[in-house]
Amino acid sequence: VQGTGGSSAVSKCSAAARGYIQDRFQRLLAGRRRRRAPLIHRGYYIRARAVDRCVQDFLLKTQSLPRTQILSLGAGFDSLYFRLKDMGLLHHTVVYEVDFPNVACQKAALIKGVKELSALVGDTGGEGLGAITFSGDDYKLLGVDLSELSELERTLEEAGLNNEIPTLFIAEVVLTYMETTRSDALIQWAAEHFPQACFLLYEQVHPEDPFGRVMQQHFRQLSTALRSLALYPDCQAQQRRFLGKGWTECSVMDMNEFFTCCIPEDEQRRVQTLEPFDEYEEWHLKCSHYFVLAASKGMEPSWTLLSPSVTVPYQAGPVGMAGSVPAAVCAKLSGISGLRRYGHHSVLIKPNMIVTTGGFGEEDGQHCRVRNVHLLSKHAGHWEAVCVTQSVPDKRWGERLYHTVSCLSDTLALVVGGRTSPSSTGLGMLWLKFPETCDASGPDDIAVELVSPQPAAEAAALRWRHSTTEITFKGEQYLFVYGGRSALEPVLGDWHFLHAPELSCTAIAVEGPVPESRHSHSACRWEGGVLIAGGLGAAEQPLGSVFLLRELEHGFQWQTIETHPPLVPRYSHTAHVHEGKLLLVGGVWFHASSVPGVTVIDLMTGLCLNYMINVEHLEWPLMLHNHSSVFLPDEKELLVIGGGGNCFSFGTHLNPEPVLLSLSSILTSH
């Protein structure tokens, strides 16, 4: 547990170095320097913003009072005191920090040894008295185990904590490491002993969904189990906890809501453009698994530290479910290597053959961008893996993620776009040629040839997280490339009609209201046109719109498809059309109480029903984003291949095996 404070200080230090937060003191306290990934920077940015906002709000609302105090529980190597002092915000406030005795001793030694720190605090030499490791006029550092409440109380009294003045308690990922009876006792003690007080809590939530299970496993492996989660698994339970232990006001929000509602739009944009970034799913999942809570009592007039600064329509209550869909491991495919990946693309090239390309995953026992082409073929009702040899292990393939693959004939598929790293320009187009006889009836290897097309439509291809849909217009075959993002544009709203097979860009008239720009949406062919659903919009907010690019005599027209109840905004899902119904599979949404399963939209009536996925027969967390899915109409089954991602600092999760979702009950019951 003590180690978590050190690694958190290093992450905050890295975020400050990249301009996410302003903090020139953290590097003096962190000890070691290490550059973290952009996803970690964002995670620590939102944490710092939540804590700073509440602390500064407390100081602002109590500035007319003669004296106040802040008590930071499990403060670790945090720089809060030094930042507040430097900003001139501590005229009448004393800051008390408490942590394990050896952490407090280490921090005290650091402060004494660094002139910039010791000059700010002004050492009054009161340390060495029992548990007080450092003492200044407005700063006391105490070494006490928080779970020993009577010891804590005695030491705070010795250090001069005054029960009668307004007090802000801060617990930033601290209480969850304690036995719940002890953390409950601490929360209740604070309410009972301090007539005027606020309590700021930041920690984890939602332990049982796929991301939550990966998160819990990570902390268990570090021997720092998250103990609060069993009794307080969601924000509402945490709110009830505080209201039941003597606090009179309590507001709570998860970090998606905090980012959307409490951070001004210009600041959101600033943070979103600090570094090349392409891990939206994991960012939003991380934010839905952490919350900030502010409780208060006795503050006149009564107030809470968490009030939205911008009024945005933010609704993320529970999603109604119409039923469930069973998931089962695809027996014959278990143990096949090469399908543990995400950001890849799988497509049916003929009724009995699926090709999977690209993505990030496991290859030769390593985690890397996957180069190999993977074929599944169906024999006697079972899917089996077929070995593929690429006639040229090709530089042009470029280890791509977030590309599309469109099948133009039994022997020809076109790869469009994709990227290597988020700072690279997108990759162009590539033909995949399969042999005529590739029905895979025998165990022979299949050779796949990569062929570069003429550079006719390069602008259309230099993108990723887009969609490519095969359509026919006036008897001619086209590929409709829509949306996505590029290295320069975080979100695109343009489209291109590529005439097959030479891939020249063709101007075809499109009328009607243009859909807002998006990436990570879904696109399906339907009735001669294209259905676009969901996606992530310009402000990194999920979209709930469904559009039909409808075929007219002289061109196409954008039309909105109204759904009722409205489609829950989502992105990073897959989609299929079957007999007038649009099926959306998985994805990411902001409704933290559940994860997206299968949504069925009746395209004639607009009726929209959500079904959860029953995973009781799976022994591992099924992450349904960055996956591929193939609809098998005869069996009314969906084969889900791959999926997962880099789960914040908790490690990479790759769905270990392909999964079959049986849709027969929901497709016949409508």
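The values are calculated or read from the model by the stated rules, or taken from the named source; none is laboratory data. A quick note: this is a predicted structure, and the numbers were derived from the prediction, not measured. Heads up, the Cβs are rebuilt from the backbone with ideal geometry, glycines too, and the neighbour counts pull from every protein chain shown. Surface accessibility is based on the protein's heavy atoms, side chains included, excluding ligands, DNA and RNA. Shrake-Rupley method; radii C 1.70, N 1.55, O 1.52, S 1.80 Å.
In segment 113-204, what GluC sites (Glu not before Pro) fall in a loop by DSSP, with at most 10 other Cβ atoms inside 10 Å?
Values: sites: GLU116, GLU127, GLU148, GLU151, GLU153, GLU157, GLU158, GLU164, GLU172, GLU179, GLU192, GLU203; in loops: GLU127, GLU148, GLU164, GLU179.
Filter output for segment 113-204: GLU164.
Estimated from helices alone, the mean residue ellipticity of the chain at 222 nm is -6500 deg cm²/dmol (sum of -39500 (n - 2.57) over DSSP H runs with n ≥ 4, per residue). Remark: relative contact order (the chain) = 10 percent; criterion is Cα-Cα distance under 8 angstrom and separation of 6 or more residues.
Note down the net charge around GLY493, summing +1 for each Lys or Arg and -1 for each Asp or Glu among other residues with Cβ under 12 Å from its Cβ. Write down the numbers at each step before the final one.
Numbers: positive: ARG463, ARG485, ARG518; negative: GLU489, ASP494, GLU516.
So the environment of GLY493 carries a net charge of 0.
Each principal axis of the chain carries a Cα extent, and these read 85, 49, 46 Å when sorted largest first. Computed with a 1.4 Å probe over protein heavy atoms only, the accessible surface of segment 62-164 comes to 42 Å² per residue. Bridging of LYS636 to lysines at a Cα separation below 20 Å is possible for LYS332, LYS350, LYS378, LYS581, once same-chain residues fewer than 8 apart are set aside. Each listed q (0.07, 0.10 Å⁻¹) maps to a log10 I(q)/I(0) for segment 2-297 from the Debye sum over equal C-alpha point scatterers, namely -0.24, -0.52. Expressed as a rounded percentage, what relative contact order does segment 2-297 have, with Cα pairs under 8 Å and six or more residues apart? Across segment 2-297, relative contact order equals 17 percent.
With contacts defined as alpha carbon pairs under 8 Å and 6 or more residues apart, what's the relative contact order of segment 49-98 in percent? Working shown, then result.
Details: 32 pairs, mean separation 23.4, N = 50.
47 percent.
Hey, which of these cross-link pairs are over 27 Å Cα-Cα: LYS85/LYS107; LYS61/LYS245; LYS112/LYS286; LYS85/LYS112? Walk me through the numbers on the way to the answer.
Details: LYS85/LYS107 17 Å; LYS61/LYS245 24 Å; LYS112/LYS286 37 Å; LYS85/LYS112 17 Å.
Correct reply: LYS112/LYS286.
With N denoting the number of residues in segment 13-136, provide Rg(C-alpha) divided by 2.2 N^0.38 Å, to two decimal places.
Numbers: Rg = 15.0 Å, N = 124, 2.2 N^0.38 = 13.7 Å.
Output field value: 1.09.
Kirkwood Rh over Cα pairs of segment 321-668 into Stokes-Einstein at 10 °C, 1.306 mPa s: D in µm²/s? D = 78 µm²/s. Only the Cβ atoms of Lys and Arg (+1) and of Asp and Glu (-1) were treated as charged; on that basis the dipole of the chain about its Cα centre amounts to roughly 1220 debye. Rounded to the nearest 20, the Cβ-based charge dipole of segment 463-587 about its Cα centre (Lys and Arg +1, Asp and Glu -1) stands at 380 debye.
Report the one residue of THR93, PHE258, ALA533 whose Cα lies farthest in the direction of the positive end of the charge dipole of the chain (charges on C-beta: Lys and Arg +1, Asp and Glu -1; origin at the Cα centre). Farthest towards the positive pole: THR93.
Which FRET efficiency, nearest 0.05, do ARG33 and ASN162 yield, Cβ-Cβ r, R0 60 Å?
0.95
Within 15 Å, Cβ to Cβ, of LEU552, how many net charges do the neighbouring residues add up to if Lys/Arg are +1 and Asp/Glu are -1?
Surrounding charge for LEU552 is -2.
Think of each Lys and Arg Cβ as +1 and each Asp and Glu Cβ as -1; about the Cα centre, that makes the dipole of segment 2-297 roughly 780 debye.
Against the main long axis of the alpha-carbon atoms of the chain, helix 2-17 sits at an angle near 70°.
The mean of 1/r over all distinct Cα pairs in segment 398-554, once inverted, gives the Kirkwood hydrodynamic radius of 16.4 Å.
Rolling a 1.4 Å probe over the protein heavy atoms of the chain, with every protein chain left in place, gives an accessible area that is 51 percent carbon and sulfur. To the nearest µm²/s, what D does Stokes-Einstein give for segment 239-297 at 4 °C and 1.567 mPa s, using the Kirkwood radius over alpha carbon pairs as Rh? The calculation lands on 98 µm²/s. A run of the chain free of exposed loop cleavage sites, with trypsin sites (Lys or Arg not before Pro) counted only in DSSP states other than H, G, I, E and B and at most 13 other beta carbons within 10 Å, reaches its longest extent at 68-473. Of the residues SER147, LEU161, ILE349, the one whose Cα sits farthest towards the positive end of the charge dipole of the chain is LEU161 (charges of +1 on Lys and Arg Cβ, -1 on Asp and Glu Cβ, taken about the Cα centre).
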